[in-house]
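Participant: Dropping a structure here in structure tokens format, bear with me for questions.
The values are calculated or read from the model by the stated rules, or taken from the named source; none is laboratory data. Treat the numbers as computed from the prediction; the structure is a model and nothing was measured. Note that we place each Cβ from the backbone using ideal geometry, even for glycine, and neighbour counts take in every protein chain shown.
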Amino acid sequence: MEGKLDASGKRFAIVVARFNSFITERLLLSACDGLLRTGAAKKDIDVVRVPGAFEIPLAARQLAATRKYDAILCIGCLLRGDTAHYDVIVNEVTRGIGQSAQETGVPHAFGVLTCDTLEQAIDRAGLKMGNKGFEAALAAVEMVSLTQGVRGQGSGARKPGVGRGASGSSQAFPARSAGRGKGKKRG
């Protein structure tokens, strides 16, 4: 089973940090573009602005708790400085977003850049390495579809073809390919 890239009829909240806004605004625009291109309506996308990345998990958690949204997109940009502050914030933001998703059951897409330099952030916000806001939108749409599909199977019924190998035998997982696990790092 895997999710589909169809956002039609789904509601999304985007939590975006104002800190490093010259990067986060580019990520936000691309996240909205990704949602719209996959079928979301403008009226079904709410944008919530927070001061910085540290505030993203709390806002995301509160939005998820309303049950008004099918997914929450978390957008921010953290740049490494000369202190340990960066590491503390990165860890807390990552933990908080993940914990919110796990505890609420609402998919959260991680669109928080964690970069060593401003140049890396600019590259990930659309210059050389695509746009991580757009990628977060696609991940959110796919996870909404996947989680709804999994919940729909709660009765124990198996969807046709799911969990069956090419020969029709019951197979929990597809065979591993020789190159598995050696792909490109996400980042």
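Participant: Taking only segment 7-23 into account, find how many residues are more than 15 Å from residue 108 (Cβ to Cβ) and within 15 Å of the chain's Cα centre (by Cα).
Facilitator: Total meeting the criteria: 1.
Participant: Let me ask something else about it. Give the number of residues within segment 56-102 that are part of a helix (DSSP H, G or I) and either in contact (Cβ under 8 Å) with a residue 60 or more places away in the chain or within 24 Å of residue 35 (Cα to Cα) (or both).
Facilitator: Of the residues in segment 56-102, the ones part of a helix (DSSP H, G or I) are 56-65, 85-102.
Filter again for either in contact (Cβ under 8 Å) with a residue 60 or more places away in the chain or within 24 Å of residue 35 (Cα to Cα) (or both), leaving 56-65, 93-94, 96-102.
Of the residues in segment 56-102, 19 are part of a helix (DSSP H, G or I) and either in contact (Cβ under 8 Å) with a residue 60 or more places away in the chain or within 24 Å of residue 35 (Cα to Cα) (or both).
Participant: Under 9 Å between Cβ atoms, at least 6 apart or on separate chains: pull out the pairs that start in segment 1-29 with a residue that is of a type in the set (Ser, Thr, Tyr) and at pLDDT 95 or above and end on any residue that is buried (at least 17 other Cβ atoms within 10 Å of the Cβ) and part of a loop (DSSP other than H, G, I, E, B).
Facilitator: Cβ pairs passing all conditions: 8/38; 8/40.
Participant: Identify the single condition in (1) surrounded by fewer than 17 Cβ atoms within 10 Å (Cβ to Cβ); (2) of a type in the set (Val, Ile, Thr); (3) at pLDDT 90 or above that residue 162 does not satisfy, given that it satisfies every other one.
Facilitator: (3)
Participant: When you scan segment 9-43, how many residues do you find that are out of contact with any Asp or Glu (no Cβ under 9 Å at 6 or more places or on another chain) and more than 25 Å from residue 114 (Cβ to Cβ)?
Facilitator: Residues flagged as out of contact with any Asp or Glu (no Cβ under 9 Å at 6 or more places or on another chain) and more than 25 Å from residue 114 (Cβ to Cβ) within segment 9-43 amount to 6.
Participant: If you go through segment 82-141, how many residues are among the charged types (D, E, K, R), surrounded by fewer than 17 Cβ atoms within 10 Å (Cβ to Cβ), at pLDDT below 95 and within 21 Å of residue 57 (Cβ to Cβ)?
Facilitator: 1
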